[in-house]
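Every number here is computed from the coordinates shown, using simple stated rules; none is lab data. Keep in mind that this is a model prediction, so the values were computed, not measured. Don't worry about glycine lacking a Cβ; one is built from the backbone with ideal geometry, like all the others, and counts go over all protein chains shown.
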Amino acid sequence: MSHAGGGMMFNEDFLFGASMSGFQFEMGGNTMDPNTDWFLWVHDQYLQENNVVSGDLPENGLNYWERYSEIHALALEAGFNVLRIGIEWSRIFPDATFDVESPEELEELADYSAIKHYRKILEDIKARGMKTMVNLNHFTLPLWLHDPIKVNRNLDFSKAGWLDERSPHEFAKFAAFVVKNLGEVVDFWSTMNEPNVVANLGYFQRPSGFPPSVIDPTLWKKALDNEINAHNLAYEAMKEYTHRPIGVIYAFHWIDGDDNADEANNLLNWYFVDAVKDKIDFIGINYYTRSFVERREPILKAGGFTISWKSLSGYGFACKPNTLSKAGLPVSDAGWEIYPKGLYNITKAICERYKKPVYITENGIADNKDLLRPYYLLSHLAAIERLLEEGYDIRGYLHWSLTDNYEWAKGFSLRFGLVHVDYDKKLFTPRPSFFLFREIIRNRTTNRFNAFLKVPFDLLE
């Protein structure tokens, strides 16, 4: 894939920014949120001692909850015109809502101090001239809905999270409540971030360290289908209170390999989005790298699906950190191959399949030394610019992330930020890639830096 070059391709309406979540960014100051499944999970001593989780704790994080204005100032310095944040369900409803239906009763259960604080955060973003994108579920669930230790240790499903048939309805109530109370300060809504990751890693891939770490294809399918139902119900409930766009943010990856790649695509990329396509106003694409598959023997049967493929090591997510992939491409601190052609391919496929507006809502690299991030950033933005030249409806690019953050079971070991965080001193220092991104935003094109698409790595064919 070559990049054509020429004039400004990112027009003035194109949104440049970064994405953040609640649990990964908020804590680190005086205000804790211990009421989530993930908080319980990462504090569990047994899981720590067995290296299921890192032992790093979110309460030692960067403290976005109290220092949001400093981080917003950095976003403005970078030239951003949009920021995505997350709202923690557990902060709004720390207690169960099962027996409550009316808006008045929900109001009695809600923690309005949390609502008011999220409003202050959103108002600060808008006061700086940036648009707001709010995501309502980013992996975490309230403890009253999901106790992953009980599920994992005892197969006690009394608080089973997305396995609970009540969860879609409870999520829709929460989503509508938040829109009703914050709708006027939000420009774009997303119901969920990467629902497929929650199901895949929680019920299919134990090495990920994701709760509840019970490997059962039937449970995986049930969780995924309940998340589909939750999105569809939430979309309808939210539309009662807003005319602003509501989308879903999904973890896509381009799949290369033999003839089994099509079957892998159908399950991993299309199954969920096909089921919600009539109840989305836009699609958020999270893309980090590709997968490379080949036929597996024996074929697995899982949740009514046939899984005829397996991923090959040495490509995509399955590389040794800080090496070259089998394709000769650089690999990040996380062991993920840099493959910008995959972003071009999957975004083009999504645009053609669904004919909805698209935003790149996460794209980034774990790179503590900031050696590869400039090339990662440039090459993926060049891929998007090429798609814009070809007429595809892509309306924004939000990097993951503005700052380093708490990377789930990996803790603070993986650093994805354009801004380095010293967690001990709580210092924020922009990395060189921060200034490269700012220059691309100012110029509204990657053209000035095209030579670096080939040197030192040949990143775009």
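What ranking of 407, 227 emerges when the number of other C-beta atoms within 10 Å of each C-beta is taken as an exposure proxy, fewest first?
407, 227
Given that just one value was derived from the coordinates, which of [x] 21; [y] 11; [z] 47 is percent of Cα pairs over 41 Å apart?
[y]
Take the alpha-carbon centre of the stretch 251-298, take the same for the stretch 28-75, and report the distance between them in whole Å.
30 Å
Note down the net charge around residue 278, summing +1 for each Lys or Arg and -1 for each Asp or Glu among other residues with Cβ under 14 Å from its Cβ.
+3
Under a straight-distance cross-link criterion of Cα-Cα below 12 Å, which aspartates and glutamates are reachable from residue 301, leaving out those fewer than 8 residues away in the same chain?
Correct list for residue 301: 216.
For the chain, what does the helix formula give at 222 nm: sum of -39500 (n - 2.57) over DSSP H segments with n ≥ 4, over the residue count, nearest 500 deg cm²/dmol? Each step should come with its number before you reach the end.
Details: 15 runs with 162 residues, N = 461.
Counting only the DSSP helices, I get -10500 deg cm²/dmol.
In whole Å, what is the distance between the alpha-carbon centres of the stretch 338-359 and the stretch 204-242?
What the calculation gives is 23 Å, centre to centre.
Taking amide hydrogens as modeled 1.01 Å from N in the peptide plane, which residues meet the under 5 Å criterion relative to residue 308, leaving out close sequence neighbours?
none
What net charge is computed for the residues neighbouring residue 173, neighbours being all others with C-beta under 11 Å from the C-beta of residue 173, Lys and Arg scored +1, Asp and Glu -1?
Counting the neighbours of residue 173, the net charge comes to -1.
Residues of the stretch 258-294 with the amide nitrogen closer than 17 Å to a label point 7 Å from the Cα of residue 236, along Cα-to-Cβ, please.
275-281
How would the stretch 411-461 be classified by its alpha-carbon gyration tensor: rounded, prolate or oblate, with rounded meaning a/c under 1.5 and the a/b versus b/c comparison settling the rest?
Numbers: a/c = 3.76, a/b = 1.83, b/c = 2.05.
Because a/c hits 1.5 or more and a/b fails to exceed b/c, the stretch 411-461 counts as oblate.
Within the set of other residues whose C-beta is less than 11 Å from the C-beta of residue 440, count the net charge using Lys and Arg as +1 and Asp and Glu as -1.
Working: positive: 438, 442, 444, 448; negative: 385, 439.
Summing Lys and Arg as +1 and Asp and Glu as -1 gives +2.
Efficiency by 1/(1 + (r/R0)^6): what FRET value for residue 425 and residue 369, r their Cβ-Cβ distance, R0 = 25 Å, to the nearest 0.05? Please list the in-between numbers first.
Numbers: r = 19 Å, r/R0 = 0.77.
Using R0 = 25 Å, I get an efficiency of 0.85.
By how many nm would the segment from residue 166 to residue 243 lengthen if fully extended, with 0.36 nm per residue of separation less the alpha-carbon distance?
Numbers: separation 77, 0.36 × 77 = 27.72 nm, distance 2.66 nm.
That works out to 25.1 nm of additional length.
For the stretch 269-330, just say rounded, prolate or oblate: build the C-alpha gyration tensor, square-root its eigenvalues into a ≥ b ≥ c, call rounded for a/c under 1.5, and beyond that prolate if a/b exceeds b/c, oblate if not.
oblate
Please report the relative contact order for the stretch 177-304, taking Cα pairs under 8 Å with a sequence separation of at least 6, and give it as a percent rounded to a whole number.
On the way: 175 pairs, mean separation 37.5, N = 128.
Relative contact order comes out at 29 percent.
Within 10 Å of each residue's Cβ, count the other Cβ atoms and sort 32, 238, 130, 192 from fewest upward. Let's see the in-between values first.
Numbers: 32 13, 238 23, 130 20, 192 26.
Exposure proxy ranking, most exposed first: 32, 130, 238, 192.
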